[in-house]
Amino acid sequence: TDPVPGDGKTPTNKPINGAHDSDLNQTITRTIKVKDPHTNKVATTKQVAKIFRDATVDDVTGEVTYGDWSSDAAHWTDFTPDAVAGYTPSQSDVAAVTVQNGQKDVTVDITYTANDQTTHVVYKDASGNVIKTDTVTGKTDQTVTTNSTVPTGWELTNGQVVPKTITFTGDSTPDTKVTVQHHHSKVSHTDPVPGDGKTPTNKPIN
């Protein structure tokens, strides 16, 4: 706490080549940078550790001898980045460190990766029987095309809509349920069904 000034001398007027502030004190910093996946803004946390040692100066020769360095277990504490729904951090925990002599400044960069997401477009009849299920996949905060089509031989009931796109959020995306009914085709007397005629679902027309 009372280092020798740069021009310090002994009582015998010998220069003291050591025991200066930089010889006795170290400030070592861990900088943790967390990049928000939604805004791309970076939140910075600085953890500053300080270690020191004392020295003995020979008042005749100016020779300096040093004691042992201290350590600092109080300031590079464990760090956990905030949880972001639907994302996985590149590092889920930055461990606590007891800072000792020889430790260098450290920068830790933490980014987030969007998780894989899955949902379904489920077609059901009026009784609740599942007729067809289309799987839709993507990643958090992504809007994807469903490419879902009404099952062959069926049609939407009044008011039902098949979504063209789905946007995945950080929360689980619920399945989209669509009610369908049998489609009926009119047959004209001028264009009767052939003897081996079948429906679009390959059922024989009796």
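The values are calculated or read from the model by the stated rules, or taken from the named source; none is laboratory data. Since the structure is predicted, the reported quantities are computational estimates derived from the model, not experimental observations. Because the Cβ atoms are built from the backbone with ideal geometry, glycine has one as well, and the counts that use them run over all protein chains shown. To get the accessible areas, we keep the full protein, side chains included, count just its heavy atoms, and leave off ligands, DNA and RNA. Shrake-Rupley method; radii C 1.70, N 1.55, O 1.52, S 1.80 Å.
Quick look at the numbers
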quantity	calculated
All aspartates and glutamates inside 20 Å of Lys203 as judged from Cα atoms, apart from same-chain residues fewer than 8 positions distant	Asp125, Glu155, Asp191
For the chain, built as a Gaussian network whose Cα springs stay under 10 Å, the top-fluctuating residue of Asp105, Asp58, Asp82	Asp58
The range 1-57-the range 128-178 distance, computed between alpha-carbon centres (Å)	60
Over the chain: Rg over Rh, Cα atoms, Kirkwood Rh	1.49
Surface accessible to a 1.4 Å probe, per residue, for the residues of the chain, Å²	66
Convex hull projection area averaged over all views, the range 86-206, Cα basis, nm²	12.9
Kirkwood Rh in Å, taken over the range 40-155 so that all alpha-carbon pairs contribute	20.6
Computed helical MRE - 222 nm, the chain, DSSP H runs ≥ 4 contributing -39500 (n - 2.57), nearest 500	-500 deg cm²/dmol
FRET efficiency, Ser185 to Gln142 (Cβ-Cβ, R0 30 Å, nearest 0.05)	0.20
Solvent-accessible area, 1.4 Å probe, carbon plus sulfur percent, for the range 23-171	45
Charge dipole of the range 110-206 about the Cα centre (unit charges at C-beta), most positive-ward option of His183, Thr118, Thr146	His183
